[in-house]
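A short reminder: the numbers here are calculations on the coordinates, not readings from a lab. It should be emphasised that the depicted structure is a prediction, and the values quoted were computed from it without experimental measurement. Cβ placement follows ideal geometry from the backbone for every residue including glycine, while neighbour counts extend to all protein chains displayed.
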Amino acid sequence: MALQSLDIKARSATTTQPPAARDPLHVAKLIDISKCIGCKACQVACMEWNDLRDEVGTNAGIYDNPRDLTDQSWTVMRYSEVEVQQGRLEWLIRKDGCMHCEDPGCLKACPAPGAIVQYVNGIVDFHEEHCIGCGYCITGCPFNVPRISKKDSKAYKCTLCSDRVAVGREPACVKTCPTGAIVFGSKRDMIEHAEGRIADLKARGYANAGLYNPEGVGGTHVMYVLQHADQPELYAGLPKDPHISPLVGLWKGITKPLMSLGIGLAVFAGFFHYVTAGPKEVEDEKVD
Amino acid sequence: MTNHWVDIKNTDLVLIMGGNAAEAHPCGFKWVTEAKAHRKARLIVVDPRFTRSAAVSDFYAPIRAGTDIAFLGGVINYLLTNDRIHHEYVKHYTDMSFLVKDEFSFANGLFSGYDPETRKYDRSSWGYQIGADGYAVTDPALQHPRCVYQLMKAHYSRYTPEMVSTVCGTPQDAFLKVCEAIAETAAADRTMTIMYALGWTQHSVGSQMIRTGAMVQLLLGNIGVAGGGMNALRGHSNIQGLTDLGLLANLLPGYLTLAGDAEQDYQAYIAKRASKPLRPGQLSYWQNYAKFHVSLMKAWFGDAASASNDWCYDWLPKMDKGYDLLDVFEDMGQGKVNGYVCQGFNPLGSAPCKVKVSNSLSKLKFLVIIDPLATETSEFWQNHGEYNDVDPAKIQTEVFRLPSTCFAEEDGSLINSGRWLQWHWKAAEPPGEARSDQEIMAGLFLRIRALYEKEGGAFPEPILNLTWKHRIPAFPSPEELAKEFSGKALKDLTDPKDPGKVLVKAGEQLSAFAELRDDGSTSSGCWLFAGCWSEKGNLMARRDNADPFGIGQTLNWAYSWPANRRILYNRASCDPSGKPYDPTRKLIAWDAGAGKWGGADVPDFKIDSAPEEGMNPFIMNPEGVARFFAVDKMAEGPFPEHYEPFETPLAENPLSPQNPAVLSSPAARVFKDDWATFGKPDKFPYVGTTYRLTEHFHFWTKHARLNAILQPEQFVEIGEELAKEKGIRAGDHVRVRSNRGHIVAVAVVTRRLMTLDVAGRKTHTVGVPLHWGFMGLAKNGYLTNTLTPFVGDGNTQTPEFKAFLVDVEKV
Amino acid sequence: MSTIQRYTAQERSNHWVVAIAFVLAGLSGLALFHPAFFFLTHLFGGGPWTRILHPFLGAVLFLSFMGMAARFWRYNRITPADRQWMARIKDVLCNRDQGLPEVGKYNAGQKYLFWLLVVCIPVLLVSGIVIWQPWFAPYFPVGLLRIAVVLHALAAWIVILAIIVHVYAAIWVKGSIRAMLRGTVSEAWARHHHRAWYRDVTGK
């Protein structure tokens, strides 16, 4: 994106400040699960806008199809039948896909410079031409979202339609959602909209309705309105307190520069030892 | 729909029953979410399955498939017993006060006049008492024992909450909770909308289910008001247009009816249909029947139709028997049909009892398929292994496939559930040799006409005289056809009060059906559509969504029949003095100053009839009021009565246990050989029901890759309890058998299909989605109508796809 | 100058296969280790090629190292003398070699290096297989991938440091490189650095 290249907040495997002259609107997509009818129109819109076509699969005894995210399915609906209140069945349907974390684990884990960028507006985008296919983004993601293509070994996921957003349009899934369960706008507006929805849900008997915008990853630019915000796991295992794995943090934080330094020091130590202590030489002697 | 999609946003309570709007009408369903968001509306779903609609509902009540009359009858009983009705509305705008003939009776599950031999009623006793003045007799105090109110109260007193629970399997507390929510809308400032679809129509008593729903709405004063109404969600994008244009065997365009064999006399034909008012001061709009009929004949036969030949009445076919879908396949099976033209229709999948349909098609000499896709019907003669196990060598039917365009490859109008005629424009060129349907029909017609011209024939007149004034005869354009439906003046139309004044000049398009004449000076191919293409142009193509009254009626968006009216019976939204019952939802009101009705909608009323004149809102009825008592209009009786599906897990009808003749509808037509094909609960203990999924559209989208990706493979849904009993786990393959055949599919084991306690025994439901077949891109599957019984509704003959008996086993 | 055969041609070849595989795997691994080293991907034809080649280089490293370990493990058994030698590592580093315990074919430093590699290289292999895209990684849960990635980096770091010491020692102790290039050392070298081994092979 020519314009978005001016608004980069973070860039994978890059240790200097990327261009960040402008400060455009911080955006967010709000998915209101209480309004979602699971029609999968968002899946179709995603496939159509991005020209993706997954395999015609099989039925595994559930409504979920395709069964999981793939390099061709950047969003899938996940269906959960739960009874939070005894005798009151609920069919919770969650649109799964990239959450566009404020603190993106994928970007943190990625070793290829510029393969993952986070725009100032909050979108975390994969630039597959820089992707080397190592799959480290998978280990970095607390939501298990990126998928490596079997065809080209690049990592793929929802772009939040960064191409559409760049020209002032909403993501394709938002545009197509027939019930308005998916809305898009500034993050502040989305939070405000969610508050109205949560008040409505509370009036309808969902005492624990709330917004899913987890702090552990600095908040997300894809948020959910949940009827049971106290139990996000009900929604096909949405993590209650997602955070970048400490293993990833351990390995990607200060550790690596220190380790690199260690390697450099070892080389220098040898050099200065040679200079100071000198080589170990043995005089040739005559052997009788 | 009496109302329309957008209007649903105006409601306080949505009852989805006999339908699954979120699943089958996701785009229209957005208006439910609007009502919830902006009016704090509640959504109640009553369904055999916990559907996608139920997923976003405020309350869900389970019900056994096919027992909706019992449920709604229970609601009527609740409303009457607890007196939770809209008194003024009911008193003035319905037939509650009308006295019924003394001969009318109901006992043992049967109404008066039943003949068990023919399985038909003599309906002569089903009528109002007519006074010496020729008008129906009423008792405004509602005290007379023969008044509709008293009869109805007695009839539904049997539908107690206990009875509802016994028949429907709905827990009593859930039923009462639904009743209470519904009853709240009896208040003048509260309303409810009922959204239903094929879950009501596809029963042997489907029409009566819908009527029962309408009666509930009438009791609550919810008909004719914004956010109210009886809203049929049509299963095809243009199925509303199909019935409007009379594409049913017994109809002419605009719900004019074909004459029966006995009706050879034109004047008698008209007189029977142009009903005179049954109460003083009423409009009885069908009095204008002749105007509509003559204009139709002029559209069809032009100058050949004249007063002297009764406007070609003799050229119209007279019904000697039924020619509905089931009838035709019965006849076909008996070898009485030579050829069948199948246009945009896939009966091998869509008509019940696949084996019977297949056998019938095999007896044809020729079959013509006009369709954009290679349908199962077009390939019915091919062996597709287990999915279509036939022997092509034994089928002599010659099949012609004429590829046609799909909706996106042509201009034209579609009529949505809300009766909007919406023009659409071609988006892409059709592939290959595909041609539009009108081009194909024109090609056939022109060749047939040429043959008649050349060779004569037994009855050439209707063919030779059919109007065919198209610029390109082989390609009647959508615009030409639309203008023909809408209608034009054939001569100058003068003002009857001032013969010197020309209202419409000869050749001009008409602006309303009020301009139609019965003297041959106007033509209109469908009176209901008159005005949709007026001198102002193509009003169906309008796309102005301005909503000046903020109540979502958008009169300049497309064109809504009749007369661009958005909400039918909207006069009933006002009290007898002409003031809106709910000023916040004002549709129209009487403007005394202007001396006419007006407001956000086109008044469904005589525009200048002041309230004092006492004209009532239901102007299409000769009574001027809505009917609780259906008089002689319904096959099963004037009051809806619960009858079991033809395949029922029960041995007796709990409402009339002593009479085995009324276990199932006594007035439904069953062909002789089909009785033996019905299964019994000893061998087929579970209730099967078929339905659509949101991922697919009927049998079309399995040909589309995107949809095939979303729902690739056939499955059936089984409740957890039944699955446990049968040792079936999610993902297993199961065989579902009825007495007519079996299908094999993947099992989806779910809590959403609940085990119901029906008449003291556990009843399991097996859900059978219908979208797969042996053609297309999705995984091949069985046509689900392999399972369904060959019986239909007693009035419409719509097949009973929603309730039948099956057994299920792990493969 | 009289010489003693220290390594056969096969042994030398084996060592250099390990060495080359190590350098290539190390450089390609470092390229993905930290952005500062990403430029090294250019040595391998770019990022994707680096990602593709690295695990195969690793596999070659593992297999060849296993061959070497099989040849040499018996000379690397730790003895009490090794502990004494290690206790005097300061003297070794300061080239004060007088009075050091007699050393066999390998001194304690070399032995510890050997065993370190014996531990770390299989760790690299196993953790590497777990994260090997696209062949094996999809079959493992994300939690395991995360652990594997950390273990892999850690083991690699240790190995790299160890090899730096190893290479430096070869440069520092004159006459060593020739042992691995030509296979021979001078008697003096052998007597000085590996007296016990010298006695064994010469019988002196």
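Could you tell me how far the Cα centroid of segment A:33-92 sits from the Cα centroid of segment B:84-140, in Å?
Here the two parts' Cα centres lie 52 Å apart.
Find out how many positive minus negative residues lie around residue B:791, taking Lys and Arg as positive, Asp and Glu as negative, among other residues whose Cβ is under 10 Å from that of residue B:791.
That works out to -3.
Taking H placed 1.01 Å from N in the peptide plane, check which residues at least 5 places from residue B:47 or on another chain put their amide H under 5 Å from its amide H.
Answer set, sorted by chain and number: B:61, B:63.
On full extension of the chain, what length is gained from residue C:93 through residue C:118, given 0.36 nm per residue of separation minus the C-alpha to C-alpha distance?
Using 0.36 nm per residue and subtracting the Cα-Cα distance, I get 6.5 nm.
Compute the distance from the alpha-carbon center of segment B:272-296 to that of segment B:408-473, in whole Å.
Using only Cα atoms, the two centres lie 32 Å from each other.
Where does the charge balance sit around residue B:180 when Lys and Arg score +1, Asp and Glu -1, over other residues with C-beta under 15 Å from its C-beta?
Cβ neighbours under 15 Å give a net charge of -1.
Please give the net charge around residue B:800, taking every other residue with its beta carbon less than 9 angstrom from that of residue B:800, where Lys and Arg add +1 and Asp and Glu add -1. Walk me through the numbers before you get to the answer.
On the way: positive: B:802; negative: B:647, B:793.
Around residue B:800, the surrounding residues sum to -1.
Out of residues 5 or more away from residue B:128 or on other chains, whose amide H comes under 5 Å of its own, with H placed 1.01 Å from N in the peptide plane?
Under 5 Å from the amide H of residue B:128 lie the amide H atoms of B:101, each far enough along the sequence or on another chain.
How big is segment B:314-369 by the Kirkwood estimate over distinct Cα pairs, in Å?
11.9
What are the principal axis extents of the Cα atoms in segment B:118-161, in Å, biggest first?
Its Cα atoms span 42, 37, 10 Å along the three principal axes.
Apply the Karplus parameterisation 6.51 cos²θ - 1.76 cosθ + 1.60, with θ equal to phi minus 60°, to every residue of segment B:606-616 and state each ³J(HN,Hα) to the nearest whole Hz, in sequence, with x for glycine and proline.
5, 4, 10, 8, 5, x, 4, 5, x, 6, 9
Looking at the protein assembly as shown, what % of the alpha carbon pairs are farther apart than 62 Å? Could you put the intermediate results ahead of the total?
On the way: 242974 of 848253 pairs.
Taking all Cα-Cα pairs of the protein assembly as shown, the fraction more than 62 Å apart is 29 percent.
Could you name the aspartates and glutamates whose alpha carbon sits less than 16 Å from that of residue B:298, not counting residues in the same chain fewer than 8 places away?
B:310, B:314, B:461, B:480, B:484, B:492, B:508, B:515, B:518, B:519
Out of the DSSP beta bridges found with both residues in segment B:679-791, what percent are antiparallel (nearest 5)?
The antiparallel fraction comes to roughly 50 percent.
Using the charge dipole of segment C:3-202 (Lys, Arg: +1 at Cβ; Asp, Glu: -1 at Cβ; taken about the Cα centre), state which of C:35, C:185, C:112 has its Cα farthest towards the positive end.
The one lying farthest along the dipole's positive direction is C:185.
Rounded to the nearest 0.05, what FRET efficiency do residue B:472 and residue B:673 give with R0 = 56 Å and r taken as the Cβ-Cβ distance? Could you check?
0.70
So, in nm, how far is label residue A:261 from label residue B:393 when the simple model puts each one 7 Å beyond its Cα toward the Cβ?
Result for the modelled spin labels: 8.7 nm.
Assuming R0 = 45 Å, what is the FRET efficiency of residue B:494 and residue B:103, from their Cβ-Cβ distance, to the nearest 0.05? Present the calculation step by step, with values, prior to reporting the outcome.
Numbers: r = 49 Å, r/R0 = 1.08.
According to the calculation, E is roughly 0.40.
Using the alpha-carbon centroid of each, what span in Å lies between segment C:1-33 and segment B:664-733?
69
When the Karplus curve 6.51 cos²θ - 1.76 cosθ + 1.60 is applied with θ = phi - 60°, which whole-Hz ³J(HN,Hα) does each residue of segment B:297-305 get, with x for Gly and Pro?
Each residue of segment B:297-305 in turn: 5, 5, 5, 7, 10, x, 5, 5, 8 Hz.
If we count other beta carbons within 10 Å of each Cβ, what is the order of B:628, B:29, fewest first?
Placing the least packed residue first, the sequence is B:628, B:29.
Give the aspartates and glutamates reachable from residue A:95 as a straight Cα distance under 18 Å; neighbours fewer than 8 places away on the same chain don't count.
Partners within reach: A:32, A:48, A:54, A:64, A:68, A:71, A:81, A:170, A:233, B:23, B:695.
With label points built 7 Å along Cα→Cβ from the Cα atoms of residue B:596 and residue C:23, find their separation and express it in nm.
Going from the residue B:596 label point to the residue C:23 one covers 9.8 nm.
Taking amide H atoms as placed 1.01 Å from N in the peptide plane, list the residues 5 or more away in sequence, or in a different chain, whose amide H sits under 5 Å from that of residue B:368.
Residues meeting the amide H criterion: B:340, B:341, B:342, B:400.
Please work out whether segment B:660-810 counts as rounded, prolate or oblate from its C-alpha gyration tensor, where a ≥ b ≥ c are the square roots of the eigenvalues and a/c under 1.5 means rounded, while otherwise a/b larger than b/c means prolate and anything else oblate?
oblate
Does segment B:325-464 come out rounded, prolate or oblate, given a ≥ b ≥ c as the square roots of the eigenvalues of its C-alpha gyration tensor, rounded meaning a/c under 1.5 and, failing that, prolate meaning a/b above b/c?
oblate
Quote the charge dipole size of the protein assembly as shown about the Cα centre in Debye, to the nearest 20; the model charges only the Cβ of Lys and Arg (+1) and of Asp and Glu (-1). Before the final figure, lay out each step's value.
Working: 136 positive and 136 negative charges, 1038 e Å.
Computed about the Cα centre, the dipole is about 4980 debye.
Using Cα-only point scatterers and the Debye equation, what is log10 of I(q)/I(0) for segment B:6-237 at each q in 0.08, 0.10, 0.16 Å⁻¹, rounded to two decimals?
-0.31, -0.48, -1.15
Where does each of A:235, B:643 land when they are ranked from fewest to most other beta-carbon atoms within 10 angstrom?
Ascending number of Cβ neighbours within 10 Å: A:235, B:643.
Which percent, to the nearest 5, of DSSP beta bridges fully inside chain B are antiparallel? Walk me through the intermediate numbers first.
Details: 49 of 90 bridges.
If I count the DSSP bridges inside chain B, around 55 percent turn out antiparallel.
What are the semi-axes of the equivalent ellipsoid of segment C:3-202, taken as the square roots of 5 times the eigenvalues of the Cα gyration tensor, listed largest first and rounded to whole Å?
Calculated on Cα positions only, the semi-axes equal 35, 17, 16 Å.
Please compute the modelled spin-label separation between residue B:321 and residue C:13, points set 7 Å along Cα→Cβ, answer in nm with one decimal.
9.5
Once phi is turned into θ = phi - 60°, what whole-Hz ³J(HN,Hα) does the Karplus curve with 6.51, -1.76 and 1.60 give for every residue of segment C:135-144, x standing for Gly and Pro?
Once rounded to whole Hz, the list reads 7, 10, 3, x, 8, 10, x, 4, x, 5.
Given a Förster distance of 56 Å, report the FRET efficiency between residue C:5 and residue A:20 from their Cβ-Cβ distance, rounded to the nearest 0.05.
E between residue C:5 and residue A:20, to the nearest 0.05, is 0.30.
In whole Å and largest first, what semi-axes does the C-alpha gyration tensor of segment A:65-205 yield when each eigenvalue is scaled by 5 and square-rooted?
30, 19, 14
Using alpha-carbon pairs under 8 Å, 6+ residues apart, how would you state the relative contact order of segment B:660-810 in percent? Don't skip to the answer; put the middle values down first.
Values: 322 pairs, mean separation 53.3, N = 151.
Over segment B:660-810, the number comes to 35 percent.
Remind me, relative contact order of chain B in percent, using alpha carbon pairs under 8 angstrom and six or more residues apart?
Computed over chain B, the figure is 17 percent.
Compute log10 of I(q)/I(0) for segment A:30-129 with the Debye formula, placing one identical point scatterer on every Cα and leaving out solvent, at q = 0.16, 0.20 Å⁻¹, to two decimals.
Log-scaled intensity ratios, in q order: -0.86, -1.12.
Going by the alpha-carbon gyration tensor, a ≥ b ≥ c the square roots of its eigenvalues, is segment B:403-503 rounded (a/c under 1.5) or, if a/c is not under 1.5, prolate (a/b greater than b/c) versus oblate?
Cα axes put segment B:403-503 in the oblate bin.
Let's see if you can work this out: charge +1 on each Lys and Arg Cβ, -1 on each Asp and Glu Cβ, no other charges. What is the dipole magnitude of segment B:660-810 about its Cα centre, in debye to the nearest 20? Walk me through the numbers on the way to the answer.
Working: 20 positive and 15 negative charges, 35 e Å.
That gives segment B:660-810 a dipole magnitude of about 160 debye.
Give me the extension gain from residue C:201 to residue C:39: residue separation times 0.36 nm, minus the current Cα-Cα distance, reported in nm with one decimal.
53.6 nm
Of all beta bridges DSSP finds with both residues in the protein assembly as shown, what is the antiparallel percent, to the nearest 5? Please report the intermediate quantities before stating the final value.
Working: 78 of 124 bridges.
Rounded to the nearest five, the antiparallel share is 65 percent.
Given B:120/B:680; A:35/B:586; B:321/B:363; B:91/B:762; A:40/A:256; B:30/B:702, which pairs have Cα atoms separated by over 31 Å?
B:91/B:762; A:40/A:256
Report the normalised scattering of chain B as log10 I(q)/I(0) at q = 0.11 Å⁻¹, calculated by the Debye formula with identical scatterers on the alpha carbons.
Calculated log10 I(q)/I(0) at the listed q: -1.44.
How about residue B:683: which aspartates and glutamates have a C-alpha closer than 15 Å to its C-alpha, ignoring those fewer than 8 places off in the same chain?
Filter leaves B:647, B:807, B:809.
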